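**Student:** After the structure tokens below, expect a handful of questions from me.
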Amino acid sequence: MQSAAERATSLRMLLRRSLLLSAALLPLAQTASADPPAVALSASDQADIGRIEAYLNGIRTLKAHFLQVAPNGGISEGTAWLERPGRMRFQYDPPAPFLLIAAHGQLIFHDSSLGQDSNIPLSRTPLGILLADHVTLAGAVTVTAIQHLPGQIQLTLERTASPGDGSLTLIFTDSPLTLRQWTVVDAQRRETHVTLSNAQTGGTFDPTLFEQVFVPSEQKR
């Protein structure tokens, strides 16, 4: 029977493996070379994609509470800050010992329980699509699915040149168009869902929110 310390260690490792951007941490060898299949888009679909592009490009900063459901069913929450282009911070509430930061073209994952950092180029992550300076849902990005539900639009995206990096599904409420949720699917087809609430757009953030996390030397020994 596991001790409390062993159970806590197991939980930390499970959460670590099922991070919201786990697709970004997979080896490059898993990346498929074939282009993703583009979905046939009606004139109405094209109009909605245009609305979504305009909406996303109108958001330069966003702060929200997030609720994350990992592939193993684990639930965590915290506060998210997004600042386009290329900056993001996911501050997980205790007991999750994680911090996720995007800045300077890198995605940095910090685990305070292990005193370790991991980084990957932001261009290798599905959420990098959302953090682009100008969001363009064509060309370098392929729309692989669009679904209309009552009061809701779901749009699935992949990088055209590297679909094996994973996919990003953005879920919006309609009238007014508002980003409410996204789902990241990694190269192993594992899904992680993030739901936003109490979102606030506009304003400025303290630049130190997006500074790289450095592991104290005493923790490395």
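**Student:** Run the paramagnetic zone check for LEU67: 7 angstrom along Cα to Cβ, then residues of the range 179-204 with backbone nitrogen under 19 Å.
**Tutor:** 179-184, 191-200
**Student:** Counting Lys and Arg as +1 and Asp and Glu as -1, what is the net charge of the other residues whose Cβ lies under 15 Å from the Cβ of ILE146?
**Tutor:** Residues near ILE146 contribute -4 overall.
**Student:** Assuming R0 = 25 Å, what is the FRET efficiency of LEU114 and PHE205, from their Cβ-Cβ distance, to the nearest 0.05?
**Tutor:** 0.35
**Student:** For PHE172, what charge total do you get from the other residues with a beta carbon under 11 Å from its beta carbon, if Lys and Arg give +1 and Asp and Glu give -1?
**Tutor:** 0
**Student:** Let me ask something else about it. Say the dipole of the range 38-103 comes from +1 at the beta carbon of Lys and Arg and -1 at that of Asp and Glu; which of VAL39, ILE101, GLY74 then lies farthest toward its positive end?
**Tutor:** ILE101
**Student:** Now for a different question. Averaged per residue, what accessible area in Å² does the range 90-131 show with a 1.4 Å probe, protein chains only? Don't jump to the answer; show the numbers that get you there.
**Tutor:** Working: 1490 Å² over 42 residues.
Averaged over the residues of the range 90-131, the accessible area is 36 Å².
**Student:** Ok, one more. Loop only per DSSP, at most 10 neighbouring Cβ atoms within 10 Å: give me the chymotrypsin sites (Phe, Trp or Tyr not before Pro) in the range 49-107, ordered by residue number.
**Tutor:** Details: sites: TYR55, PHE66, TRP81, PHE90, TYR92, PHE98; in loops: none.
Passing both the DSSP loop test and the Cβ count: no residue.
The values are calculated or read from the model by the stated rules, or taken from the named source; none is laboratory data. Given the structure is predicted, the values throughout are model-derived calculations rather than measurements. Note that each Cβ is placed from the backbone with ideal geometry, even for glycine, and that neighbours are counted across all protein chains shown. Keep in mind that these areas ignore ligands, DNA and RNA; they rest on the heavy atoms of the full protein, side chains included. Shrake-Rupley method; radii C 1.70, N 1.55, O 1.52, S 1.80 Å.
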